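The next block holds one structure in the form of structure tokens; read it before the comments.
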Amino acid sequence: MATTGEDSLPGLNVMHLFCGVDTSADKAAIRSAIMGAEGDGCQVISIAMLGHKADLGVLALSNSVERLRLLQTDLTRAGCVVTYSYISLTEISEYSGGVPEAMKMARLRPTLPPDGLSAFCFYPMSKRRLEQDNWFRLSYEERLRLMMEHGVSGRKFRGRVLQLVTGSTGLDDYEWGVTLFARTLDDLKDCVYQMRFDEASARYADFGVFLTGIVKSTDDVLDMIGSH
Amino acid sequence: MATTGEDSLPGLNVMHLFCGVDTSADKAAIRSAIMGAEGDGCQVISIAMLGHKADLGVLALSNSVERLRLLQTDLTRAGCVVTYSYISLTEISEYSGGVPEAMKMARLRPTLPPDGLSAFCFYPMSKRRLEQDNWFRLSYEERLRLMMEHGVSGRKFRGRVLQLVTGSTGLDDYEWGVTLFARTLDDLKDCVYQMRFDEASARYADFGVFLTGIVKSTDDVLDMIGSH
Amino acid sequence: MATTGEDSLPGLNVMHLFCGVDTSADKAAIRSAIMGAEGDGCQVISIAMLGHKADLGVLALSNSVERLRLLQTDLTRAGCVVTYSYISLTEISEYSGGVPEAMKMARLRPTLPPDGLSAFCFYPMSKRRLEQDNWFRLSYEERLRLMMEHGVSGRKFRGRVLQLVTGSTGLDDYEWGVTLFARTLDDLKDCVYQMRFDEASARYADFGVFLTGIVKSTDDVLDMIGSH
Amino acid sequence: MATTGEDSLPGLNVMHLFCGVDTSADKAAIRSAIMGAEGDGCQVISIAMLGHKADLGVLALSNSVERLRLLQTDLTRAGCVVTYSYISLTEISEYSGGVPEAMKMARLRPTLPPDGLSAFCFYPMSKRRLEQDNWFRLSYEERLRLMMEHGVSGRKFRGRVLQLVTGSTGLDDYEWGVTLFARTLDDLKDCVYQMRFDEASARYADFGVFLTGIVKSTDDVLDMIGSH
Amino acid sequence: MATTGEDSLPGLNVMHLFCGVDTSADKAAIRSAIMGAEGDGCQVISIAMLGHKADLGVLALSNSVERLRLLQTDLTRAGCVVTYSYISLTEISEYSGGVPEAMKMARLRPTLPPDGLSAFCFYPMSKRRLEQDNWFRLSYEERLRLMMEHGVSGRKFRGRVLQLVTGSTGLDDYEWGVTLFARTLDDLKDCVYQMRFDEASARYADFGVFLTGIVKSTDDVLDMIGSH
């Protein structure tokens, strides 16, 4: 959960778009907006969202932020109404010195969606700056200790839950975006619930909204959310 | 108020939908959206909501989250405007070790609505993580003690109020959704007011919005809220 | 400010509806919605609201919550757009042991609006649960002392301001709804300002929105807010 | 910043209305709504607002709150959409015992707008009730000392900034509305910035939204904001 | 981060407008609104925004606040819907006594946009007034020390990130608006992330929303966001 150095590969631009889609939206145009972005090298994941916050979720990664804006424009023109979004970058955490190079590269250049993990959630988070519990006033060593403890706790869900943490300090309202892919909603809930007892989370994390859905092919998502 | 283990039955997916419904909505289509979900094995409860937050409440439980999304799509197509929602799962609390198996199963696989308890309210809640009063930094023994005390206080309303607590950590903006069914609004108020003095609630609970209504048959609800 | 016991009369259901009303609303239909509710035994007070929060205020009390929902449905059908509302119950406070029976009954079964007090405001409130100042962790004796002190301070406005405190714990977003009727806005302001220095309010009260208006006959209100 | 006694003149009713005005609004009707209110003895100031919060600001003072409501109704009928508002009363502060009678009267019955001070801002504020820093638990003497210190600091801007503080405890969401008129936005900023270091503000003030604009004749305002 | 004295040049008026722009907007009219303002001596920067908060960003500086309001009116008439805005002034910080005159003038009269820095973000901020960590109760010397430390940390990004801090105390909801121009989103994120560990930020800063986009020519921006 930190930042890539000046001498490393830059992060990929990441755009989460959450849209209201009603029957006036143009299904063919949504599909070709997404296919067009994929044709230009973006990774795009489609999600059928649950509840009032959105119908369609689109998670797109690209080395071109302009191409991401064009995808947003195309989706809007197809009748999607963007109700929430998040702008962030893939990154290698400053706490991941001991992590193998292959794993670091998997964070900077992830391949999504992971096989068989179709339960999806996204939430933004910041580290707290309270009068006593202020993450940004801890020493690097203390922060490293807390993040490693948090990592141990997360690894218990390996294979059942995959986590993508992207950096957004200065780009969006929170400091990180957390995207989880899991086998089931039960696994999502177990994972986030267990990790909330870690000191890094219990004492030092503030969370924004949580958005939940199901990863599917774009066609299946559009069928499920009822666009024509 | 916790989480089902990996070796137990998974929780049911629970979707609370609260909708604005005006005279342009299609009553027959709302009815068949709900009947269709019931036909596919969902439990669906219809509620006539009070006040500006919503007209129609729909509480649906299913082992298929995709079927719940389809219900949402059908209701939206029938002209319902989803103004609030909550996504959660039935669960057996980590504090219910001493609870008989039949009661545990009643929590994981509840039969709703309870007879004669037509006063309804829903609210989401989280446990606090303040600098002093931080639930997630208490020991399991201390949390167990507080939850048992809270349970004693709740049991005084047995027969008059039935409580369904569903888990939503990682799925929605709070950690639990609380659904209450009672004989009257007076009983709802008495129960929540008395329990607020419990330490588990007074010191450690944060509440979201409260939504109140009346459980009825779908037809009666649609008549009461004035759709055609 | 508490709750009626199981052995006493139940509280009346209280619904505050605050509505936007523009020239497309049907004045005759609004009038007959209100008259219909009165014909069924509801007390209904009409208020011309000030500012952006609402045009029309409707305060209705009934022993039937279903009849209140029907009133909401009729008003909505007449073109009112409900922008804010509050659901509560009349109650006898747990601190009013020493209060004469006639006064208790006046709280449970109030006769509204009081003569000559046409300045109106409504606000919801809760008692604080801060780390130090936590109302729900005080002893009953301490709470009783604070409420009696608060009552002394309120009684200085007797005849100029009438207060109706209705309970909403578990029913709406705050724990109580406070409705004030006064001779003038000046009296409303003086009363609430003076009482804010009481410890019960200064240390222990959190307030929601404040809505202000003028009580009139329904016809006069509809004329003032400009519906046709 | 307090309240007029029972034996003094009542305050004037003050309504701040902030409206969105697009090209569908009727300029002639807006003008005659304002002229009509002036004809009935209201003081009305028109303001061209800056930014997304509003286009048209209308500040109106009257001894008749009903006449203010009628002005709101007329503006709404002319196509103004009220996006924010504030309801308050002119008052003589409880800390102004030593103030000359003429100045007290200028507060209760102000003549607006002041000549040559066309830069405008409005913000609501309350005094804090934190666990340590709780204004309403200070002695009168301590509050008086803090307010006099704050006044000294404000008087450095005499002639460049005029301040109108109106009371709203019990009437609107904050305890006071602050309206400033200044020569330029620079003077507005300097004044509020300097005064924020006063203990009365630094420790004890909470602020709501800030709305900024330019006082002009109604015709000039309507030209600037683009209504037809 | 402070205020220009009475004897120095006044600040320039700064208006950030963030707008939704759909296909009904008139591209030619937007272009001529911007060109008209430039013809009257305003500096105007166009930004293609990312995500749900806005499509078009317009940052305009002028010595005439009325000319800025006219630009807003022209953009609105062209079909832009202003969803967020910020009103502020260029200023020379009270902590910049030791800064060369040329640099001070560059702050009061900036030339924008900086060459080659097309990644854009804007966020408003205030200094905290918590019970312990209260910026406005620190001595000038302590604040100066913290700001100089913060400046050292910012200068590490010289050439990669340019910062424009404009003052808004009394004018908008926060005390300052921060506008950053950078080579890439990665540089924006690195800079804001690193500086968050400075005591001035970690202990004493509160942030509002963050809005991110890409600076381009007005024509290129309008093409990217899809207006006709």
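What to note about this one:
- Of residues in segment A:7-56 being more than 10 Å from every other protein chain (Cβ to nearest Cβ) and of a type in the set (Lys, Arg), the one surrounded by the most Cβ atoms within 10 Å (Cβ to Cβ): A:27
- Within the set B:157, B:136, the sole residue that is more than 17 Å from residue B:15 (Cβ to Cβ) and more than 21 Å from the chain's Cα centre (by Cα) turns out to be B:136.
- Lone qualifier among E:178, E:165 - being surrounded by fewer than 20 Cβ atoms within 10 Å (Cβ to Cβ), assigned to a strand (DSSP E or B), touching a Phe, Trp or Tyr at 6+ places or on another chain (Cβ under 9 Å) and at pLDDT 95 or above: E:165
- Restricting attention to segment A:116-132, the residues being assigned to a loop (DSSP other than H, G, I, E, B), closer than 18 Å to residue E:193 by Cα and either out of contact with any strand residue (DSSP E or B) (no Cβ under 6 Å at 6 or more places or on another chain) or β-branched (Val, Ile, Thr) (or both) number 1.
- Residue C:191 falls short on exactly one of the conditions (1) modelled with pLDDT under 95; (2) in contact with a Leu (Cβ under 8 Å, 6 or more places away or on another chain); (3) closer than 25 Å to residue C:50 by Cα; (4) of a type outside the set (A, V, I, L, M), and that condition is (1).
- Selection over segment E:196-227 of residues that are part of a loop (DSSP other than H, G, I, E, B) and over 15 Å from residue E:122 (Cβ atoms) gives a count of 8.
- Of the criteria (1) in the same structural domain as residue D:14 (by TED's automatic domain parsing); (2) more than 19 Å from the chain's Cα centre (by Cα), which one residue D:143 fails: (1)
- Candidate set: segment E:92-114, residues that are in contact with a Phe, Trp or Tyr (Cβ under 9 Å, 6 or more places away or on another chain) and crowded, with 18+ Cβ neighbours inside 10 Å; chosen: the one nearest to residue E:12 (Cα to Cα): E:113
- Boolean, residue C:193 is of a type in the set (Ser, Thr, Tyr) and free of Cβ contacts under 8 Å to residues at least 12 places away in the same chain: yes
- Total residues in segment C:115-136 satisfying the condition of being surrounded by fewer than 20 Cβ atoms within 10 Å (Cβ to Cβ) and more than 10 Å from every other protein chain (Cβ to nearest Cβ): the figure is 3.
- Residue A:204, sole failed condition from (1) closer than 22 Å to residue B:133 by Cα; (2) surrounded by fewer than 22 Cβ atoms within 10 Å (Cβ to Cβ); (3) within 14 Å of chain E (Cβ to nearest Cβ): (2)
- Every condition in (1) away from chain C (no Cβ under 14 Å); (2) in contact with a Ser or Thr (Cβ under 9 Å, 6 or more places away or on another chain); (3) open to solvent by 10 Å² or more (accessible area, probe 1.4 Å) is met by residue D:199 except one, and the failing one is (2).
- Of all the listed residues (C:24, C:62, C:46), the sole one being closer than 30 Å to residue C:147 by Cβ and among the small types (Gly, Ala, Ser) is C:62.
- Flag if residue D:173 is more than 25 Å from residue D:105 (Cβ to Cβ), open to solvent by 10 Å² or more (accessible area, probe 1.4 Å) and more than 8 Å from every other protein chain (Cβ to nearest Cβ): no
- Residues in segment B:66-81 that are open to solvent by 30 Å² or more (accessible area, probe 1.4 Å) and either in contact with a strand residue (DSSP E or B) (Cβ under 6 Å, 6 or more places away or on another chain) or facing chain A (nearest Cβ under 7 Å) (or both): B:66, B:70, B:76, B:77, B:81.
- Any chance residue E:46 is among the small types (Gly, Ala, Ser) and either in contact with a helix residue (DSSP H, G or I) (Cβ under 6 Å, 6 or more places away or on another chain) or more than 18 Å from residue E:180 (Cα to Cα) (or both): yes
- Enumeration of residues in segment A:196-220 that are in contact with a Leu (Cβ under 9 Å, 6 or more places away or on another chain) and either of a type in the set (Phe, Trp, Tyr) or without any contact (Cβ under 8 Å) to a residue 40 or more places away in the chain (or both): A:204, A:210
- Screening residue E:188 with (1) open to solvent by 20 Å² or more (accessible area, probe 1.4 Å); (2) under 18 Å from residue E:156 (Cβ atoms) gives one miss only, at (1).
- Segment D:137-162, residues that are aliphatic (A, V, I, L, M) and open to solvent by 60 Å² or more (accessible area, probe 1.4 Å): D:148, D:152, D:162
- Some residue of segment A:83-91 being touching a strand residue (DSSP E or B) at 6+ places or on another chain (Cβ under 7 Å), open to solvent by 30 Å² or more (accessible area, probe 1.4 Å) and not charged (D, E, K, R): yes
- Among the residues of segment A:11-26, just one is at pLDDT below 95 and in contact with a Leu (Cβ under 8 Å, 6 or more places away or on another chain), namely A:11.
- Residues in segment D:177-196 that are within 7 Å of another protein chain (Cβ to nearest Cβ) and of a type in the set (Phe, Trp, Tyr): D:193 alone.
- Residue check, residue D:209 under 16 Å from the mean Cα position of the chain (by Cα), surrounded by fewer than 24 Cβ atoms within 10 Å (Cβ to Cβ) and facing another protein chain (nearest Cβ under 8 Å): yes
The values are calculated or read from the model by the stated rules, or taken from the named source; none is laboratory data. Everything numeric in this text was worked out from a predicted model, so none of it was measured. Quick reminder, even Gly has a Cβ in these numbers, built from the backbone with ideal geometry, and neighbours come from all protein chains shown. The accessibility values were calculated without ligands, DNA or RNA, using every heavy atom of the protein model including side chains. Shrake-Rupley method; radii C 1.70, N 1.55, O 1.52, S 1.80 Å.
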